[in-house]
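A.B. asks: One structure, as structure tokens, below. Some questions next.
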């Protein structure tokens, strides 16, 4: 079975702000569409331009939207008790950005939308993200890599702003 080695660079920033404030800052920057309605609207779009309009309505000021929210800390607290630090995984992105990468590297669809992890630790609230450019670099597409770098800049800026 053929394998492709994919490297990974993790961006991580630590905030002294309370967990709830960090999450609220991320939430304020991303769109929160009703995903069932979003998918229906995309399916109903007759043209790519209409699909673009649906997406533009769904994204937030960061040009990103939430696809899924996983409260992993709630699950951990079931096993370890109420004092377990909070941990939240957000799947965020923009279908238009994913399309730009997938045109050149179809495997980009395996990595987009992206995950950010927000978790409490003894030294503060950590915001982490696996850089898309590091994942797509082995595919050798300069065009996809440029889109990935732009996405990395956008997500890292969002995390830095939320942490500040």
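A.B. asks: For the chain, take every pair of Cα atoms, bin their distances at 5 Å starting from 0, and report each bin as a whole percent.
C.D. replies: P(r) for the chain, in whole percents per bin: 2, 8, 16, 19, 18, 15, 12, 7, 3, 1, 0.
A.B. asks: Compute the acute angle (0 to 90°) between the alpha-carbon long axis of helix 35-44 and the principal axis of greatest extent of the alpha-carbon atoms of the chain; round to the nearest 10°.
C.D. replies: Taking the Cα atoms of the chain, the angle to 35-44 is about 0 degrees.
A.B. asks: First measure r as the distance between the Cβ atoms of residue 57 and residue 146, then evaluate 1/(1 + (r/R0)^6) with R0 = 25 Å and state the FRET efficiency to the nearest 0.05.
C.D. replies: FRET efficiency, residue 57 to residue 146: 0.45.
A.B. asks: Taking R0 as 25 Å, what's the FRET efficiency between residue 9 and residue 161 from their Cβ-Cβ distance, rounded to 0.05?
C.D. replies: Once the sixth-power term is evaluated, E becomes 0.80.
A.B. asks: So how much slack lies between residue 24 and residue 43, counting 0.36 nm per residue of separation and subtracting their Cα-Cα distance, in nm?
C.D. replies: Going from the current span to full extension adds 3.8 nm.
The numbers here are math on the coordinates, done by the rules we state, and not lab data. As the structure is a computational prediction, the values presented were derived from the model and not from experiment. As a convention, Cβ positions derive from the backbone with ideal geometry for all residues, glycine included, and neighbour counts pool all protein chains shown.
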